[in-house]
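The block underneath contains the structure these notes are about, expressed in structure tokens.
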Amino acid sequence: MTNQRILIVEDRISIRTLVTDYLVQQGYDVSQVQNGLEALKQCYTNTYDCVLLDLMMPQMDGMTFLRELRQISTVPVIVMSAKLEEFDKIEALNAGADEYITKPVGMREVVARIQAMIRRVNNIPARGHSAPQNQINTLSFDEQSRTVFLNNKTVPLTNTEYKIITHMLKNIGKIITRQEFGQMLYGSDAIKIERSIDMHIKNIRHKIEPDLENPIYIMTVYGVGYRMNTTIVQ
């Protein structure tokens, strides 16, 4: 059982009730509101471990709520929306969402995403994995020497890997699409480049992440691209 607190922000009562009932069964302490204005009031007076947020709501929509929330809180936010366009995902993530799930979605996946998000924020290892020893928490680079440092130690990188990681470090917290990486590296956004970007990211993670199954530096934005974790990099 868990005493973690979840806030559900959703205007459709049927969805709110379904999600609330399931999370309560899983041991979560759940609050629910029907629009962003009510949610913002709750966040001013209460603390939560995670927020599940719809985007299309009356009075104050999800995007406006996100921007207002990020002025007062860093609570993890998982958007659950029927909007499928990549533009909507990027806009929400840039507004302050930590993850974006497209409806419809199964409740077991919702719970798994909540658990993963809370583990990530609190640096809790996944079940069956021990916590990394002497966890590294400083990632930096020097443009003059074209060197990336992890805890003041040089990271051996190829020229392409260096370009990718420094581009992310210059845009900490921003979602960078595979197409943007492709344009930056090759002057093209051809689809065939996307797999190459994923492989480069995988290789970089092997060199900097304490636990490959639970990355803390380079975060995957599902269906969109990658972003550098603002709470870890210094």
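Any idea how many residues of the range 106-139 are touching a strand residue (DSSP E or B) at 6+ places or on another chain (Cβ under 9 Å), at pLDDT below 85 and surrounded by 14 or more Cβ atoms within 10 Å (Cβ to Cβ)?
7
Restricting the range 98-115 to residues that are touching a residue at least 60 places away in the same chain (Cβ under 8 Å) and assigned to a helix (DSSP H, G or I), which is nearest to L69 (Cα to Cα)?
Of everything passing the filter in the range 98-115, I114 is nearest to L69 (Cα to Cα).
Just to be sure before I move on: is L18 out of contact with any Pro (no Cβ under 9 Å at 6 or more places or on another chain), within 14 Å of M107 (Cβ to Cβ), touching a residue at least 24 places away in the same chain (Cβ under 8 Å) and surrounded by fewer than 16 Cβ atoms within 10 Å (Cβ to Cβ) in the structure I sent?
Against the criterion (out of contact with any Pro (no Cβ under 9 Å at 6 or more places or on another chain), within 14 Å of M107 (Cβ to Cβ), touching a residue at least 24 places away in the same chain (Cβ under 8 Å) and surrounded by fewer than 16 Cβ atoms within 10 Å (Cβ to Cβ)), L18 qualifies.
Any chance you could count how many residues in the range 157-171 are closer than 20 Å to D88 by Cα and among the aliphatic types (A, V, I, L, M)? Break it down into steps so the answer makes sense when it comes.
Applying the first criterion (closer than 20 Å to D88 by Cα) to the range 157-171 yields 171.
If we keep only those that are among the aliphatic types (A, V, I, L, M) as well, we get none.
Going through the range 157-171 one residue at a time, the tally reaches 0.
Looking only at the range 83-105, which residues are more than 14 Å from the chain's Cα centre (by Cα) and modelled with pLDDT under 85? Don't jump to the end; show me each part of the working.
Filtering the range 83-105 down to residues more than 14 Å from the chain's Cα centre (by Cα) leaves 83-88, 102-105.
Listed by number, the residues that qualify are K83, L84, E85, E86, F87, D88, K103, P104, V105.
Given the criteria modelled with pLDDT under 90 and touching a strand residue (DSSP E or B) at 6+ places or on another chain (Cβ under 8 Å), does N3 qualify? Give the steps one after another, and end with the answer.
On the way: modelled with pLDDT under 90: yes; touching a strand residue (DSSP E or B) at 6+ places or on another chain (Cβ under 8 Å): yes.
For N3, the condition - modelled with pLDDT under 90 and touching a strand residue (DSSP E or B) at 6+ places or on another chain (Cβ under 8 Å) - is met.
Looking at I78, I15 in this structure, which one is of a type in the set (V, I, T), outside the structural domain of G173 (by TED's automatic domain parsing), within 21 Å of T220 (Cα to Cα) and not in a loop (DSSP other than H, G, I, E, B)?
Numbers: I15 fails: within 21 Å of T220 (Cα to Cα).
Being of a type in the set (V, I, T), outside the structural domain of G173 (by TED's automatic domain parsing), within 21 Å of T220 (Cα to Cα) and not in a loop (DSSP other than H, G, I, E, B) holds for just one of I78, I15, which is I78.
Results for (1) surrounded by fewer than 18 Cβ atoms within 10 Å (Cβ to Cβ); (2) closer than 20 Å to V148 by Cα; (3) at pLDDT 85 or above; (4) touching a Cys at 6+ places or on another chain (Cβ under 9 Å), shown as yes or no for each residue.
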position: N171; (1), (2), (3), (4): yes, yes, yes, no
position: E180; (1), (2), (3), (4): yes, no, yes, no
position: Q183; (1), (2), (3), (4): yes, no, no, no
position: I193; (1), (2), (3), (4): yes, no, no, no
position: K202; (1), (2), (3), (4): yes, yes, yes, no
position: V233; (1), (2), (3), (4): yes, yes, no, no
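Could you tell me how many of the residues in the range 149-168 are among the β-branched types (V, I, T), exposed (fewer than 13 other Cβ atoms within 10 Å of the Cβ) and in a strand (DSSP E or B)?
Selection size over the range 149-168: 1.
Collect the residues in the range 36-63 that are in contact with an Asp or Glu (Cβ under 8 Å, 6 or more places away or on another chain), in a loop (DSSP other than H, G, I, E, B) and crowded, with 19+ Cβ neighbours inside 10 Å, keeping them in residue-number order.
D54, L55, M57
One line per residue, one yes/no per condition, for (1) touching a Lys or Arg at 6+ places or on another chain (Cβ under 9 Å); (2) within 16 Å of V111 (Cα to Cα); (3) at pLDDT 90 or above:
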| position | (1), (2), (3) |
| --- | --- |
| L23 | no, yes, yes |
| D29 | yes, yes, yes |
| T45 | no, no, no |
| L53 | no, yes, yes |
| M60 | no, no, no |
| T64 | no, no, yes |
| R70 | no, no, no |
| V75 | no, no, no |
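The values are calculated or read from the model by the stated rules, or taken from the named source; none is laboratory data. Note that the structure is a prediction, hence the values are computed from the model and not measured. Every residue, glycine among them, receives a Cβ derived from its backbone with ideal geometry; neighbour counts consider all protein chains shown.
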